[in-house]
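Report on the following structure.
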Amino acid sequence: MSASLGSDKIEALKAILGNENVHFGSSVERFDPGFDTENLNSRFVVTPESVSQVQDLVKWCNNQFVSIVPLGGRTGLVGGGKSTPGQITLLTSRLQKILQIDPLGQFAIVESGVTLGALNAAAAALGLSAGIDLGARDSCTIGGMIATNAGGMEAFRNGSMRSRVLGLEAVMADGSVFDDLITVLKSNIGYDIKQLIIGSEGTLGIVTKAVIRLEPIHTRTATFLISFDSAKAAIQALRRIVGEADVKVLRSEIMWRSHFEVTATLLNFNSLVAFASSGSVFVIIETKLDRQDDFDGMAEKVLAGCAATDGYMDALGLKSEREISDVWRVREDWAVDRCYPGGLWYDVSVPHQQLDAYVNGLKNSLNKIDSSLILFALGHLGDSNLHITVTGEVPPTALGEQISECIYEPIKGSGGSFSAEHGIGVEKQKTLINWGNPTRLKLMRSIKAAFDPNGLLNPRKILP
């Protein structure tokens, strides 16, 4: 439910937030909508500077029955920030203070608009990091990452945002402040409300501050690019490498050949294009080094784990910064989307033992729909989270429902998940309703009603 934002309401909002923090009409064009062009469709943006301003704004919206759509770095991919006229889009970009970094307790207290890159840069000065890494690190905000329970490349060892958040502060639907800025690991004080807010995509409360667990930063690393004939072989090798004494794996990313070869070609990385002929899947393994001159010793341990694995094909030890940068660029670049615009994107988790059967079966299913469809797959090997793009010379939008069925059906009942680390938003609502356990859905609706009885916080997201 929302109301028209007439001149009287605009003046009221200016009184609450200041003229400089209220933007409407053509002035909204100064803001980048981010990955989703519908993010700023409300054509009304506010940029509060403090939790008290957020409080006053939410209280006013609750009294006026005006809905609010919170937005962080605008890097979401499931429509969680879409808005419509009559709603207010709340950008957290001015809530960007790093309030404290405690090197002894290894935590940081930050406002929700702080980017992951900014937090990591500040923590690095003290030998620490946020313990989580995403390709959108310089854009994504801590508040947005909390709202979507972001995962990323280090989740297999440090956990997703549910594990990174010690405490948080959020403004609730009635304008009250939920203050749970706990800075210690152990706190058993009843229902863990913050865990309900984490991953709720702004539908239960607006995160304004958070306490983030920090980890020691690893400045000396060894990076390897390894090819295998299957995901099973890659997983077996990773298990052997992790089991080696004195080997700490920091990141392990997998790319199927189509993604690796096409991206390397588009980026003109000729040596990597040549390496693409050596296998079916390609894995980047980054390990910790105690001393930089330990590279050869680490390479011996890593390659021994690979050589003991049936299906190991070839490996490159990456010593120069340029080599390392190029390989990570292939992993993180959106070159495939530039080459084949309009593709359909999916984010799923598949149990390790089913990865090969899932990807191979998916190729066959897509071929039956349309032989011109192309599958690109990559992801986080350590936690079996796959990012899949289905595309072609012609955008396959019209085939969306059939393709989604191919993507999701094999996961049902497998122990995997149709939504790994990007949330539900609006794009996955139908799948949630169709596949969600009835008891889960009933409880989710009850929680939403209890937290936001007027349905004004990011309405029609997650649950329609």
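If the range 221-332 were replaced by its equivalent ellipsoid, with semi-axes equal to the square roots of 5 times the Cα gyration tensor eigenvalues, what would those be, largest first, whole Å?
22, 17, 10
Straight-line reach from K209: which aspartates and glutamates have Cα under 17 Å away, leaving out those fewer than 8 places along the same chain?
Result set, ordered by chain and number: E49, D56, D102, E111, E169, D179, D180, D192, E201.
Report, to the nearest 10°, how far helix 231-243 tilts away from the longest principal axis of the Cα atoms in the chain, using its own Cα long axis and a range of 0 to 90°.
90 degrees
Quick one: grab the alpha carbon gyration tensor of the range 148-261, order the square roots of its eigenvalues as a ≥ b ≥ c, and give me rounded if a/c is under 1.5, else prolate or oblate depending on whether a/b is larger than b/c.
Prolate is the answer for the range 148-261, as a/c is 1.5 or above and a/b outweighs b/c.
Determine the gain in length on full extension of the stretch S50-I189; use 0.36 nm per residue of separation and subtract their C-alpha separation, reporting nm with one decimal.
Taking 0.36 nm per residue and subtracting the Cα distance, the gain is 47.3 nm.
Taking the Cα centre of the chain as origin, work out the dipole magnitude from +1 charges on Lys and Arg Cβ and -1 charges on Asp and Glu Cβ, in debye rounded to 20.
It works out to roughly 960 debye.
By counting other Cβ atoms within 10 Å of each Cβ, how are L225, L185 ranked from fewest to most?
Final ranking by Cβ density, sparse to dense: L185, L225.
Along the range 47-62, what does the Karplus equation 6.51 cos²θ - 1.76 cosθ + 1.60 (θ = phi - 60°) give for ³J(HN,Hα), rounded to whole Hz, x for Gly and Pro?
10, x, 9, 8, 5, 5, 5, 4, 4, 4, 4, 5, 4, 5, 5, 5
Treating each Cα of the range 7-91 as an identical point scatterer and ignoring solvent, apply the Debye formula and state log10 I(q)/I(0) at q = 0.16 Å⁻¹.
Once normalised to I(0) and log-transformed, intensities are -0.56.
So which lysines can K430 reach, going by Cα to Cα under 17 Å and dropping same-chain residues fewer than 8 places off?
Straight-distance partners of K430: K82, K412, K442, K461.
Quick one: helix 321-332 against the long Cα principal axis of the chain, what's the angle to the nearest 10°, folded into 0 to 90?
60 degrees
If you wrap a convex hull around the Cα atoms of the range 359-425, how much volume per residue is inside, in Å³?
Each residue corresponds to 102 Å³ of Cα convex hull volume.
From the phi angles alone, apply the Karplus equation (6.51, -1.76, 1.60; θ = phi - 60°) to the range 455-464 and give each ³J(HN,Hα) in whole Hz, x where the residue is Gly or Pro.
So the J values, rounded to whole Hz, are x, 9, 8, 6, x, 6, 10, 6, 9, x.
Between the range 117-162 and the range 407-464, what is the separation of their alpha carbon centroids in Å?
24 Å
How large is ³J(HN,Hα) for each residue in the range 143-154, as worked out from phi by the Karplus curve 6.51 cos²θ - 1.76 cosθ + 1.60 (θ = phi - 60°), to whole Hz, x for Gly and Pro?
Calculated HN-Hα couplings, in order: x, x, 5, 5, 4, 9, 6, 4, x, x, 7, 10 Hz.
Please sort by residue number the GluC sites (Glu not before Pro) in the range 354-436 whose DSSP state is loop and whose Cβ has at most 15 other Cβ atoms within 10 Å.
Taking the range 354-436 and a limit of 15 other Cβ atoms within 10 Å, the loop GluC sites (Glu not before Pro) found are E393.
By count of other Cβ within 10 Å, fewest leading, how are S83, S139, S446 ordered?
S446, S139, S83
Which of N63, S227, L204 sits farthest toward the positive end of the charge dipole of the chain, with +1 on the Cβ of Lys and Arg and -1 on the Cβ of Asp and Glu?
N63
When the Cα centres of the range 223-247 and the range 281-340 are compared, how far apart do they sit, in Å?
10 Å
Summing -39500 (n - 2.57) over the DSSP H runs of n ≥ 4 in the chain and dividing by its residue number, what mean residue ellipticity at 222 nm do you reach, to the nearest 500 deg cm²/dmol?
It lands at -9500 deg cm²/dmol.
Each value in this text was obtained by applying a stated rule to the coordinates, not by laboratory testing. Just so we're clear, the structure is a prediction, and the values are computed from it rather than from any experiment. Neighbour counts run over all protein chains shown; Cβ positions are idealised from the backbone, glycine included.
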